[in-house]
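For reference, the structure is listed below as structure tokens.
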């Protein structure tokens, strides 16, 4: 006991010492088109002669005014600065902030000039000031006096269109650290990319930095036109390099763009910009004072409470929580209470051989009661904490009152010695995903059976959204949660994430390490609101439709696309939609039905929640009483917020690792960055 208390004391003192190691926070915003100049001048520091005009950030002067275009330089930076690293400056083993910047550029060669110049950069800078004499080869970064000085504290990705004696050519990308002489240069001509061509071209750029592994990657893809659909991010970067930001850039830095012209000129235009930064919150000096002053008192309290806490914990585990039991007893139409010893016997002491599956909320076992000729599925909640009890009660409260032939039927419950269990009807044919993705030994589901399953799941979802006395959001709809009985009738199950809604409200459900749910099924707006709605259920239903028709998981990467829905959308645009149908079906399917379901799946996957069909319409489309919905040939961009521009202070606590986003879709993919991991996504533009 003395050793344990001593360990606790050491940990508390350590906590006071490292109090700055708080959770990182995430800033995420999308900018453009830049048609509201008054609004954007409030957000960006625009260093003259740079301007915001013609729906773009004109980092050097454009032709829209009476400007001298030669030998000019400019900067446009976000006014907000970010703390990119914490702790000692020499602590190179520790992580630094991660970021993901994606932007659409148009570097325009005026009058088909034979020689453009000089270049454009994405820059991390210690301030927003434009160095004097930074035109020509200095790209708005440095000048002849300061170039190469470590006091510059800047890192830039240059897009250089003019060959200096130290450059490889006049069409390259470079990683610059405190100098315009790149630490790493990559010619772009072998990639078929010309930054400043004779005609107008638009390029999407992705600059992604992993603050854990200290790597920076740059991807480039051409976009068809200014307002066209964003191409998928290429699978391979054109530039990849190790980069330690700590001690190189200023601890508090700004993000933005710089550019210059020389005796040759070009227009350097930024048409869209998305930025996600995982940053450290600023220090709170009072936190250290409170911790150091409170350590002695906390130690004394712990010494007195350790034994008592241990004793009370043992007592708590020895009996059931009366609050839980009271809640269970008060449920209307209380289901059967099973004895723990009976469930233990029915599952052969929860034998691994009887294990049916496992998820974030618990493990499911098959059980048998021979005397009752009853086969059951026993769900054992994996957490005996208060959070686990909340999950248990939420699932029991909701599903106990639901009555629909296509929902898994709840038989009863058990709560004993801190263990939480729910008992369901056993589904002999398991989950839908096992039949869709079970491998070569699995008999493929016929088209008629797939269509029947789709119809039954839609009916169950419509019941939850509209026919039950309260609106219920399932929030965990996916193929592995669709169960099949002995006749292959679909039953929607796993209500561990379900909640009831009042009117049109949403609910927010987050795990300690991020947004709860499965990537590929989570609607893009949920990454910004952590909220679940009927529309986000419809988005997940669209993912299920694609699984059933295509025989592929939502996160499948195909033909350069990061997720299944983007690949299907491209086939639809190219009038090859039926190529998405599961190859295991061969030609044994109804063409019109398959086309209709695929179109419905795309409609349900619309990035804008308000554009997704409601369940009433979904049922009508599946039944054939109304035609398939109209789907635009290009997948619309995800815009958040949907109605008004997002403010400059759009900051939320970092919550997960996906960010931004899961097998992620082309176009803008929301991300969630966490202190433990970094995941890159794509651009809105």
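The values are calculated or read from the model by the stated rules, or taken from the named source; none is laboratory data. Owing to the predicted nature of the structure, the values given are computational and were not obtained by experimental measurement. With ideal geometry, Cβ positions are generated from the backbone for all residues, glycine too; neighbour counts draw on all protein chains shown.
Key figures
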quantity: Tally, over the range 228-254, of residues that are within 29 Å of residue 635 (Cα to Cα) and either outside the structural domain of residue 205 (by the TED database) or in a strand (DSSP E or B) (or both); calculated: 1
quantity: Verdict on residue 180 being over 33 Å from the mean Cα position of the chain (by Cα) and either under 24 Å from residue 102 (Cα atoms) or surrounded by fewer than 23 Cβ atoms within 10 Å (Cβ to Cβ) (or both); calculated: yes
quantity: Verdict on residue 371 being surrounded by fewer than 13 Cβ atoms within 10 Å (Cβ to Cβ) and either in the same structural domain as residue 452 (by the TED database) or modelled with pLDDT under 80 (or both); calculated: no
quantity: Near pairs, Cβ below 6 angstrom, 6+ apart or cross-chain, from the range 21-48 (closer than 14 Å to residue 270 by Cα) to any residue that is part of a helix (DSSP H, G or I); calculated: 34/40
quantity: Residue among 434, 452 that is outside any loop (DSSP other than H, G, I, E, B) and within 22 Å of residue 555 (Cα to Cα); calculated: 434
quantity: Matching residues, the range 197-216, being part of a strand (DSSP E or B) and surrounded by fewer than 18 Cβ atoms within 10 Å (Cβ to Cβ); calculated: 215
quantity: Residue tally, condition surrounded by fewer than 22 Cβ atoms within 10 Å (Cβ to Cβ) and not in a helix (DSSP H, G or I), over the range 595-626; calculated: 6
quantity: Failed item, numbered, when residue 150 is tested on (1) modelled with pLDDT of 95 or more; (2) farther than 20 Å from residue 233 by Cβ; calculated: (1)
quantity: Qualifying residue in the range 339-346 (condition: on the phi > 0 side of the Ramachandran plot and either touching a strand residue (DSSP E or B) at 6+ places or on another chain (Cβ under 9 Å) or at pLDDT 80 or above (or both)); calculated: no
quantity: From the options 455, 446, residue that is in contact with a strand residue (DSSP E or B) (Cβ under 9 Å, 6 or more places away or on another chain) and not assigned by the TED database to the domain that holds residue 356; calculated: 455
quantity: Breaking point among (1) touching a strand residue (DSSP E or B) at 6+ places or on another chain (Cβ under 9 Å); (2) closer than 23 Å to residue 435 by Cα, for residue 566; calculated: (2)
quantity: Pair list, Cβ < 6 Å and 6+ apart or interchain, from the range 422-451 residues that are over 14 Å from residue 356 (Cα atoms) to residues that are assigned to a loop (DSSP other than H, G, I, E, B); calculated: 435/445; 436/551; 447/589; 449/488
quantity: Within the range 154-177, tally of residues that are surrounded by fewer than 20 Cβ atoms within 10 Å (Cβ to Cβ) and more than 22 Å from residue 217 (Cβ to Cβ); calculated: 4
quantity: Some residue of the range 204-214 being in the same structural domain as residue 267 (by the TED database) and more than 25 Å from residue 26 (Cβ to Cβ); calculated: no
quantity: All positions within the range 470-516 that are at pLDDT below 65 and either on the phi > 0 side of the Ramachandran plot or part of a strand (DSSP E or B) (or both); calculated: 499, 500, 501, 503, 507, 508, 510, 511, 514, 515
quantity: Per-region count, the range 432-455, residues surrounded by 20 or more Cβ atoms within 10 Å (Cβ to Cβ) and closer than 24 Å to residue 403 by Cβ; calculated: 3
